[in-house]
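Q: Attaching a single structure in structure tokens format; questions to follow.
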């Protein structure tokens, strides 16, 4: 199943997607967070740090600023994944 979550800037899309993924994950499944953003300035660096901190150990993280297609091809049908964000 694939969900596309849309909304305005800082509207809560990421938090909602994370909650959906955690709800869908089983006891033995750790969801994967694919982060596409890069920290080109202090504000973005702070936002990335806040996102990482809020996820904690409940997630696996892959930083994929380029070649998202390659990361997606490596997924299995049982993976639970949040890709944040497609616009960057």
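FYI, it's all coordinate maths here, none of it is from the lab. Here the structure is a predicted model, which means the values were calculated and not measured. Every residue, glycine among them, receives a Cβ derived from its backbone with ideal geometry; neighbour counts consider all protein chains shown.
Q: Taking neighbour Cβ counts within 10 Å as the exposure measure, how do 26, 85 sort from fewest upward?
A: Ranking 26, 85 by Cβ neighbours within 10 Å, fewest first, gives 26, 85.
Q: Quick one: among 14, 29, 70, which has the greatest mean-square fluctuation in a GNM of the chain with alpha-carbon springs under 10 angstrom?
A: 70
Q: Right, something else. Over the Cα atoms of the chain, how large are the radius of gyration and the largest Cα-Cα distance (Dmax), in Å?
A: Spelled out, the Cα radius of gyration and Dmax of the chain are 12.8, 37 Å.
Q: Sort 40, 16 by Cβ crowding within 10 Å, fewest neighbours at the top.
A: 40, 16
Q: Shape call for region 38-88 from the C-alpha gyration tensor, a ≥ b ≥ c root eigenvalues: rounded (a/c under 1.5), prolate (a/b greater than b/c) or oblate?
A: oblate
Q: Can you give the helix-only mean residue ellipticity at 222 nm for the chain, where every DSSP H stretch with n ≥ 4 adds -39500 (n - 2.57) and the sum goes over all residues, rounded to the nearest 500 deg cm²/dmol?
A: Helix-only estimate at 222 nm: -11000 deg cm²/dmol.
Q: Hey, rough spin-label estimate for residue 5 and residue 57, points 7 angstrom out along Cα→Cβ, what's it come to in nanometres?
A: With each label placed 7 Å out from Cα toward Cβ, I get 2.4 nm.
Q: Give me the distance between the Cα centres of region 7-28 and region 56-88, rounded to whole Å.
A: 13 Å
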